[in-house]
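Novice: Sharing a structure below in structure tokens format, with a few things to ask.
No value in this document is a laboratory result; all are computed from the given coordinates. Quantities reported herein were computed from a predicted structural model and do not represent experimental measurements. With ideal geometry, Cβ positions are generated from the backbone for all residues, glycine too; neighbour counts draw on all protein chains shown.
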Amino acid sequence: MTRKGKKCAACEKVNVVGAVLCGRCGGELNAAEVKEYGAHEFKEGGSTGTDTEQGRSGDSQKLITSTAFDIPGYEIVDCLGLVRGVAVRIPHFLQQWLAGLRVLVGGRSQELIQLSESTRKDAAEFMRADAERVGANAVIGVRYDGAPVIGLASEVICYGTAVIVRRRE
């Protein structure tokens, strides 16, 4: 499978066609140099899921996420639009049973807390993957929302605005 993209002359990251600036280094992309690239080249040129944890380390390019609408020390140079990740979970029988027991005796349901946390984490990872897909190096205004779906199933959505940022000088 191939997709059209633009390769950055400075760092050789393959960016999506609509990108004006490189999602890795922030360099300007030549609009005339749109070519066909294999889907694996889009992934290889970008950051991986494990890169997102360190955020602002100076020497490596990481996907920065923020609940604020700006990032101190950075300027927004391109807005790529909404990105989101959705995760749906249903507690298995034992989790349902233990949660029901907790309701009777009172207290926190650690099983359901863990399920909720893992669902939120998955939704955030899916949002990060969506941001990388569009060529972003940051997501601002990150929010979570959740709702019951059917019965005991619950949905969590994590969303924000994908942007390209670069350090202020």
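Novice: Taking 0.36 nm per residue of sequence separation and subtracting the Cα-Cα distance, how much length would be gained by fully extending the chain between Ser118 and Leu152, in nm to one decimal? Don't skip to the answer; put the middle values down first.
Specialist: Details: separation 34, 0.36 × 34 = 12.24 nm, distance 1.59 nm.
The Ser118-Leu152 span can extend by a further 10.7 nm.
Novice: Shifting gears a bit: What nm value, rounded to one decimal, do you get for the distance between Arg133 and Glu12 when each label is placed 7 Å out toward the C-beta?
Specialist: A separation of 2.7 nm, rounded to one decimal place.
Novice: Shifting gears a bit: Would you order Cys22, Cys8, Cys79 from fewest to most other beta-carbon atoms within 10 Å of each residue's own beta-carbon?
Specialist: On the way: Cys22 27, Cys8 22, Cys79 12.
Listing Cys22, Cys8, Cys79 from fewest to most nearby Cβ atoms yields Cys79, Cys8, Cys22.
Novice: Let me ask something else about it. Please tell me which of these pairs span more than 24 angstrom C-alpha to C-alpha: Lys7/Lys62; Lys62/Lys121; Lys7/Lys121? Walk me through the numbers before you get to the answer.
Specialist: On the way: Lys7/Lys62 19 Å; Lys62/Lys121 18 Å; Lys7/Lys121 31 Å.
The answer is Lys7/Lys121.
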